[in-house]
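What follows draws every value from the coordinates through simple rules; no lab data is involved. Because the structure is predicted, anything quoted here is derived from the model rather than measured. No Cβ is skipped: glycine too gets one built from the backbone with ideal geometry, and neighbour counts run over all protein chains shown.
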Number of protein chains: 2
Amino acid sequence: MTNPVDPAWIAVDWGTSNLRAWAMGPDGCVLAEASSEDGMGKLTRDGFEPALLRLIGPWLAGRAPVVACGMVGSRQGWCEAPYRTVPCTPLDRAAEVLAPTTDARLRVTIAPGLKQTAPADVMRGEETQIAGALRLMPGYDGVLCLPGTHSKWAHISAGEVVSFQTFMTGEMFALLSEASVLRHGMQGGGWDEAGFEAGVSDALSRPERLGARLFSLRAEGLIAGLSPAAALSRLSGLLIGTELAAAKPYWLGQRVTLVGAERLSAAYARALALQGVEATRLSATDCTLAGLASLSPQIEGVPR
Amino acid sequence: MTNPVDPAWIAVDWGTSNLRAWAMGPDGCVLAEASSEDGMGKLTRDGFEPALLRLIGPWLAGRAPVVACGMVGSRQGWCEAPYRTVPCTPLDRAAEVLAPTTDARLRVTIAPGLKQTAPADVMRGEETQIAGALRLMPGYDGVLCLPGTHSKWAHISAGEVVSFQTFMTGEMFALLSEASVLRHGMQGGGWDEAGFEAGVSDALSRPERLGARLFSLRAEGLIAGLSPAAALSRLSGLLIGTELAAAKPYWLGQRVTLVGAERLSAAYARALALQGVEATRLSATDCTLAGLASLSPQIEGVPR
């Protein structure tokens, strides 16, 4: 028989599609982790507490407090944690919101996202990764790029998010490769580095032609034998290259750190390297946990 | 009791999503029309003949020949009508393909599409609209723009398609407005002309920033009260403007004719007018019927 998990606190990353939780020890180590597909997008307001209890119920004997970030704090989430406005620090303990709960073992606080007034932009969840990245790289000044469904680029100075910009690159890739006419020529495709690099260069040199280049992937598959791997990889390169073209003020001549999932970050790193930018890479999960730890009541008074 | 429809020939436009048919009189007038959702994308090879009979069975007493265009002639269609290669005339009677049929009343010919070797591109169905447009505007030299799911721009000279280019604008609009995160801020949206025009101008002046502007539609909805109509119309303007930016060699200083559905053509005409280009507009259905008529055996020997 194994000992029950008895965490000091519980970290929760609750996005639109997924719910992830980590049982954290007092020294910042992960005792256990769990995840489910009970994302914010699938739940009504009274579905959040049961979904969380299903996942972390076994960890609650010691009434460990829960610290959450992500879409769980949106207007359609468990309870709204109003956006803070940049320029500001990525997280602020005073702005956390206490979620309404009925189970006496639960105490759940939710971190607010960030908004930018002009140009209008918002983030929820990435602010926690940014806070974590700044704990992992104290004194960092430069740019953070967080690739994902909605990639974010953020200017960081003196511990604050000065400005940021969102690109729908990941969502466009999913829609185009899985739901558009292009899917026919991409099924079963692996990875083709040369195709990816060609797409990146192509998009960076003539970014305004993206719309024209997309259908070429289909046409080359039909009449020129383009392989699924080459088509999929070139699509990825075209979309990331187009993002880099628009985000140039963020990375040109700047110190850049990537915070993201392993494979996606590697692709961005390669695309940036082609432009002469050597980016540092941090794990998105490490940054999320470091960010949530900075809000964890259990380590108050402990040097961070 | 009404008289049965007894056409001289039957025109068929068979795309990926829909099947449309017209019973044509000997003088080119439409006696009856019918449509179904039996598009090529939903049928296996042996499903085409039954789908066609369901739609036009009542018109076949006189064994009228059927002339078809569109995706029905693709490799995944009823039977492949191999692409012809530009530069060439849009249609060529000698390249029609006879579909295999079992019902003795049926004689179905399929018009081939066009391909371009470099840059790789293909069309199926639009070549028939182009042929029809050239019958409606004899001696036309200039550019045809065919807005749609996959918009086509074609250079026309001396009765031939010299070159063409496809943009996925319509499909991107459908995916982004119905399947992406942007859909949340667009539901129930009507039309906002100022929002459309702002999107067009914005995209034409900085086309490389499309990826960044898309998420702004969501963010402005969340934090600045952007209405669904304004968001939807600006999305349309951004995508059409981005297409115009990449297609500039096609329309700048050229004679331009739009061939498309009423509302979509009107949007393209407005976007072009903002750039100082006054485009002629033709109905896509009129052009399809005029193009198929040029292949109809019934009017051989009749001056066209």
**OP:** Per residue of A:213-221, count partner chain C-beta atoms within 10 Å of its C-beta, then hand back the mean as an integer.
**Re:** 6
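What does the structure give for B:164-175 when I average, per residue, the other chain Cβ atoms found within 10 Å of the residue Cβ?
Values: counts 0, 6, 7, 7, 12, 3, 0, 8, 7, 0, 3, 7.
Partner Cβ neighbours, averaged per residue: 5.
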Original post:
Among the aspartates and glutamates, which have Cα under 17 Å from the Cα of B:Lys248 when same-chain residues fewer than 8 positions away are ignored?
Top reply: A:Glu208, B:Asp202, B:Glu208, B:Glu278
Subject >> Gyration tensor over alpha-carbon atoms, the protein assembly as shown, equivalent ellipsoid semi-axes in Å >> reply: 54, 26, 21
**OP:** For B:Lys42, list the lysines whose Cα falls under 28 Å from its own Cα; do not include residues on the same chain fewer than 8 positions away.
**Re:** B:Lys115, B:Lys152
Subject >> Cα centroid separation, region A:226-304 to region B:71-105 (Å) >> reply: 48
Subject >> Exercise: per-residue mean of other protein chain Cβ atoms within 10 Å, A:181-190 >> reply: 1
Original post:
Taking Cα centroids, how far is region B:169-196 from region A:1-69 in Å?
Top reply: 36
Subject >> Qualifying GluC sites (Glu not before Pro) in region B:227-304, DSSP loop, other Cβ atoms within 10 Å at most 10 >> reply: B:Glu278, B:Glu300
**OP:** Just grab the label-to-label distance for B:Arg54 and B:Ala94, each label 7 Å out from Cα along the Cβ direction, in nm (one decimal).
**Re:** 3.9
**OP:** Can you give me the P(r) profile for region A:162-304? Cα pairs, bins 10 angstrom wide beginning at 0, each as a whole percent.
**Re:** 11, 36, 29, 15, 7, 2, 0
Original post:
Based solely on its DSSP helices, what 222 nm [θ] is calculated for the protein assembly as shown when runs of n ≥ 4 H residues each add -39,500 (n - 2.57) and the sum is averaged over all residues, nearest 500 deg cm²/dmol?
Top reply: -10500 deg cm²/dmol
Subject >> Cα gyration tensor shape for region A:163-225, rounded if a/c is under 1.5, else prolate or oblate >> reply: prolate
Original post:
Considering the Cα trace of region B:9-124, what is its radius of gyration and what is Dmax, both in angstroms?
Top reply: 14.2, 46
Original post:
Which whole-Hz ³J(HN,Hα) couplings does region A:122-138 yield from phi under the Karplus relation 6.51 cos²θ - 1.76 cosθ + 1.60, θ = phi - 60°, glycine and proline marked x?
Top reply: 9, 9, 9, x, 5, 4, 6, 5, 5, 4, x, 4, 6, 6, 6, 10, x
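Which value in Å is the Kirkwood Rh of chain A over different Cα pairs? Spell out each step's value before the answer.
Numbers: mean 1/r = 0.0488 Å⁻¹.
It works out to 20.5 Å.
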**OP:** With only Lys, Arg, Asp and Glu charged, each at its Cβ (+1 for the first two, -1 for the last two), find how big the charge dipole of region B:138-253 is about the Cα centre; round to the nearest 20 debye.
**Re:** 300
